[in-house]
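**Q** Here it is, the structure, as structure tokens.
The values are calculated or read from the model by the stated rules, or taken from the named source; none is laboratory data. Since this is a predicted model, take the numbers as computed values, not measurements. So basically every Cβ, Gly included, is an ideal-geometry build from the backbone, and we count neighbours across all protein chains shown. Accessible surface is based on the protein model in full, side chains and every heavy atom, while ligands, DNA and RNA are left aside. Shrake-Rupley method; radii C 1.70, N 1.55, O 1.52, S 1.80 Å.
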Amino acid sequence: MSDGPILLVEDNPDDVLLTVRAFTKNHIKNALVVATDGEQALRLLHGDEPLRPALVLLDIKLPKIDGLEVLRRIRDDDRTRSLPVVVLTTSNEERDIVDSYRLGANSFVRKPVVFEEFVKAVNVLGVYWLLVNEPAPTGPGT
Amino acid sequence: MSTGTMDETGGRLPVQVGQEQLMALLDHTSAVIYMRDADGRYLLVNQEYERLFRLRREDIVGLTDHDLFPAAIADEFRANDRQALAGGVPVQVEEQAPGEDGLRTYVTVKFPLVDAAGKAYAVCGISTDITGRKQAEEQVRRLNDELELRVRQRTAELEASTQELDAFAYSVSHDLRAPLRSLEGFSQVLLEDYADALDEQAQGYLGRIQANVNRMAQMIDDLLHLSRATRTQLQRERTDVTALAREVTAELVAGEPDRAVAVEIDDGLVAHGDPHLIRLVLQNLLGNAVKFTAHTDDPVIRMSAQPQQGIDVFTVRDNGAGFDMRYAPKMFDPFQRLHSTAEFEGTGIGLAIVHRVVTRHGGQIRAEGEPGRGATFRFSLTPAPDDWVLR
């Protein structure tokens, strides 16, 4: 059971609101931390007193540093190499899917337009990544 | 010198072939003929030589090419002469000589005359003007180069416009769907959090908003599919259409577990086309057939092929709802529908995709239908001569 915070990297304030709502409706207790651009996300993950999230939800179209670059830097850094990263985005263009997996995403989810469907998707994601999945150990000596 | 004249008794004397006769032959050919000794001095030229270089044979005999032509040309002639004299066998070369309107090109055969001791004492030359032929060759080469350049330009243009389409489709993929998500999501929030404040009618209106948002999202996806059918590179290979059609059918049937539809795909259907794009065509045509037989007892769908003047024509036929032929001309336009959404769902993009793929393959497509009695779609996937029309 992973009870660390969930890092949501999303620049669209409407999407943030709806995603927070979806997590609340699913009674997911983990704290939801929001970064509204790539720079902020990397500062949170690689700065002083880095955030150690149980899960990262990453949109790929972001201002300043774009989502795929954030993913690359997450995987490049030893501290965050094994973080579960789910690309959560609007597009399902093949190019984006291929690039995401190539750069080390654990999963690719296209955000549905219908909110009720999105709530169901968040439920499935939450159950899997926070309950079923075993994250990489982060204790000393690893 | 004897000629064919009469003797004293009135009988004909036999013709003897001597210099007079031979010179007559030489003087009436269009080839340029000449003879020079081992030192390059002219011994003989024919009439065509005289005409071409505006010289008289009496004036030339004893002179060399260096007396008559510019040094460069004379050097070339002399070199070729030497080659023939030394080699002892005929040589064929291309030479250039001045003509009325500039340099002309000749193909020349030079061969030595050899004495009893085997020594070459003279060289003979026979030259034919090939200037016209060379010009034609040059023209062809130039046209080919121009053509290649144009092909390269067109390919570059095509790649550029494909990239633009790509960028456009990509931006649509992201940018248009995000606001739709917000519209749908916040309508849902209102329905959930303000249910008490919203009467049935208000909730109904929100429902309509959501339905339209859904429809728009679907249309965007359909446009993306249509643009993919245009964008993706067409790569032809031998495609087992029977196997592909049976795969697609299995998927369609699995998606409709409550229905029993008889789908017959003939054996041995083959096409030389792009299998991914052909799959799109089959998904849409067979999918339509399954969809429009939803209200038919004993639905039957069949796919077959027949050659028409050597070109394979594929047929997909069903006995479902059919359509009114009066509206047929528009049926391949994007988002054009011949039935209401209440009767059958769909946005009307399927046939536009089919039409796009068939056209990209160089083929044609035709539809026939009768309300209540079914529809038949016939299409080809091979470019045909201009006068071939799919029946």
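**Q** Scanning for something touching a strand residue (DSSP E or B) at 6+ places or on another chain (Cβ under 6 Å) and more than 29 Å from B:Arg51 (Cβ to Cβ), does region B:113-125 turn up at least one residue?
**A** Checking region B:113-125: at least one residue is touching a strand residue (DSSP E or B) at 6+ places or on another chain (Cβ under 6 Å) and more than 29 Å from B:Arg51 (Cβ to Cβ).
**Q** Only one residue in B:Asp175, B:Asp166 is more than 34 Å from the chain's Cα centre (by Cα) and either over 25 Å from B:Glu345 (Cα atoms) or without any contact (Cβ under 8 Å) to a residue 12 or more places away in the chain (or both), so which one is that?
**A** On the way: B:Asp166 fails: more than 34 Å from the chain's Cα centre (by Cα).
Criteria check complete, one pass: B:Asp175.
**Q** Which one of A:Leu32, A:Leu51, A:Leu68 is within 14 Å of another protein chain (Cβ to nearest Cβ), open to solvent by 10 Å² or more (accessible area, probe 1.4 Å) and among the aliphatic types (A, V, I, L, M)? Can you show your working first?
**A** Working: A:Leu32 fails: within 14 Å of another protein chain (Cβ to nearest Cβ); A:Leu51 fails: within 14 Å of another protein chain (Cβ to nearest Cβ).
Of A:Leu32, A:Leu51, A:Leu68, the one residue that is within 14 Å of another protein chain (Cβ to nearest Cβ), open to solvent by 10 Å² or more (accessible area, probe 1.4 Å) and among the aliphatic types (A, V, I, L, M) is A:Leu68.
**Q** Select from region B:288-300 the residues that are aliphatic (A, V, I, L, M) and more than 20 Å from B:His355 (Cα to Cα) and list them in ascending order.
**A** Once the filter is applied, which keeps residues that are aliphatic (A, V, I, L, M) and more than 20 Å from B:His355 (Cα to Cα), region B:288-300 yields B:Ala294, B:Val300.
**Q** Just for strands (runs of 3 or more DSSP E) wholly inside region B:6-120: which have at least 2 residues that are more than 30 Å from B:Glu137 (Cα to Cα)?
**A** The qualifying strands (runs of 3 or more DSSP E) are B:32-37, B:42-45, B:102-114.
**Q** Does B:Thr249 meet the test of being surrounded by 20 or more Cβ atoms within 10 Å (Cβ to Cβ) and outside any loop (DSSP other than H, G, I, E, B)?
**A** So B:Thr249 passes the test.
**Q** Which ones in region B:320-354 are surrounded by fewer than 18 Cβ atoms within 10 Å (Cβ to Cβ) and of a type in the set (D, E, K, R)?
**A** B:Asp324, B:Arg326, B:Lys330, B:Asp333, B:Glu343, B:Glu345
**Q** Kindly provide the set of residues from region B:297-306 that are in a strand (DSSP E or B) and open to solvent by 20 Å² or more (accessible area, probe 1.4 Å), ordered by number.
**A** If the condition is that a residue be in a strand (DSSP E or B) and open to solvent by 20 Å² or more (accessible area, probe 1.4 Å), then B:Val300, B:Arg302, B:Ala305, B:Gln306 are the ones that fit.
**Q** Select from region B:170-201 the residues that are facing another protein chain (nearest Cβ under 8 Å), of a type in the set (Gly, Ala, Ser) and over 19 Å from A:Phe115 (Cβ atoms) and list them in ascending order.
**A** Across region B:170-201, the qualifying residue is only B:Ser173.
**Q** Go through region B:202-245 and give me each residue that's over 21 Å from B:Leu282 (Cα atoms), open to solvent by less than 40 Å² (accessible area, probe 1.4 Å) and within 11 Å of chain A (Cβ to nearest Cβ).
**A** Passing the criteria: B:Gln210, B:Val213, B:Ala217, B:Ile220.
**Q** Further, regarding this structure: Checking A:Thr90 against (1) within 30 Å of B:Val213 (Cβ to Cβ); (2) among the hydroxyl-bearing types (Ser, Thr, Tyr); (3) away from chain B (no Cβ under 14 Å), which test does it fail?
**A** (3)
**Q** Here's a check for you: in region A:71-102, which residue that is assigned to a helix (DSSP H, G or I) and open to solvent by less than 20 Å² (accessible area, probe 1.4 Å) is modelled with the lowest pLDDT?
**A** First pass over region A:71-102, keeping only residues assigned to a helix (DSSP H, G or I): A:71-76, A:94-102.
If we keep only those that are open to solvent by less than 20 Å² (accessible area, probe 1.4 Å) too, we end up with A:71, A:74, A:96, A:100.
Numbers: A:Leu71: 97, A:Ile74: 96, A:Asp96: 90, A:Ser100: 96.
Across region A:71-102, the extreme among qualifying residues is A:Asp96.
**Q** Any residue in region A:103-115 that is open to solvent by 90 Å² or more (accessible area, probe 1.4 Å) and either more than 14 Å from chain B (Cβ to nearest Cβ) or part of a helix (DSSP H, G or I) (or both)?
**A** no
**Q** Among the residues of region B:190-234, write down those that are hydroxyl-bearing (Ser, Thr, Tyr) and farther than 30 Å from B:Ile278 by Cα.
**A** Within region B:190-234, B:Tyr194, B:Tyr205 meet the criteria.
**Q** What's the number of the condition B:Ser187 fails, among (1) touching a Lys or Arg at 6+ places or on another chain (Cβ under 9 Å); (2) at pLDDT 95 or above?
**A** Every condition holds for B:Ser187 apart from (1).
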